[in-house]
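Some notes on the structure that comes next.
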Amino acid sequence: MITSAENGLVNLHEKLAGLLASRGQWREAYDHLRSALDMVYRDNGRTPPVPEQLRREVDRLRREHAEAHEQSIRDSLTTSYNRRYLDQRLVALLSEQGGTPHGLAVSLVDLDWFKQVNDTYGHLVGDRVLQQVVELLQDGLPEKAFCARYGGEEFVLVLPDSEFAEAVAVTEAARSRVERHDWSVIAEGLRVTVSAGVAHEPSGGGTGGAEQQLLRADSLLYSAKQSGRNAVAYRDGGKVRLAGPAGRRRAIVDGRVNGYC
């Protein structure tokens, strides 16, 4: 009969085999599984010590596995979350938000005139601008919120369990931080602003899934761009409005995209 100590060693061998298999190291994984099987079927009454080296190896591989997973969901340039993580997490959050009191907001944020930054200052400066913008967008986000790179110079702020007015205020504060930042530290004469569209999914849903919510945010982002840029657009009472100082502008464009509003 296998002892509890032997059973612990068997479990360690099995975990190590699983970690090695996840990395494609099939031969090493097989060796550990074989060791585990040998222990299960061995009945010599001896209580073997658990090798400390094996414990350390398991811990090391667990850390490497966790680090590899983290790298797979991060954007390599800005270290914000990537599109893969965004897509997966949005679907999960929308399915969970029925149990939250406020709902889920997403803000689609785009750098204004970013092509001119690259053309004028070069792509290395453009990369530094993207990295700095992400830092500014993430600064001050609520605890459960996160920033993800949507593609190119577009980013998404995801605000779970967030009231609509709070989501607009958080996004407007992020826009203001970008505008007020001292960009001359990166390049003399550089000025960077962003525009954003905020779409809110109330608790209980009913207005579509993740793709539809992003389309609504994209429609509002278009409104912010067409209304003069450096603005946050949202829809209230069926009308497009701009947050903060931009709300005093005379012409506000209602940019409906593919029927989403």
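Under 29 Å of direct C-alpha separation, and excluding same-chain neighbours fewer than eight residues apart, LYS115 reaches these lysines: LYS225. For a straight C-alpha distance cut-off of 13 angstrom, the aspartates and glutamates reachable from LYS239 (same-chain residues fewer than eight places away being disregarded) are ASP254. Inter-part distance, the range 234-249 to the range 141-156, computed on C-alpha centroids, equals 22 Å. Taking 14 Å as the straight-line reach from the Cα of LYS144, the aspartates and glutamates in range (excluding those fewer than 8 positions away in the same chain) are GLU96, ASP161, GLU163, GLU166. Counting only protein chain heavy atoms and rolling a 1.4 Å probe, the accessible areas of SER76, SER219, SER22, SER203 rank, largest first, as SER76, SER22, SER203, SER219.
Judged by the mean number of other Cβ atoms found within 10 Å, the most tightly packed of the peptides 223-229, 189-195 leads the ranking 223-229, 189-195.
The values are calculated or read from the model by the stated rules, or taken from the named source; none is laboratory data. All values reported here derive from a predicted model rather than from experimental measurement. Here the Cβ is made from the backbone with ideal geometry for all residues, glycine too, and neighbour counts use every protein chain on show. The area values use the complete protein model at the heavy-atom level, side chains included, leaving out ligands, DNA and RNA. Shrake-Rupley method; radii C 1.70, N 1.55, O 1.52, S 1.80 Å.
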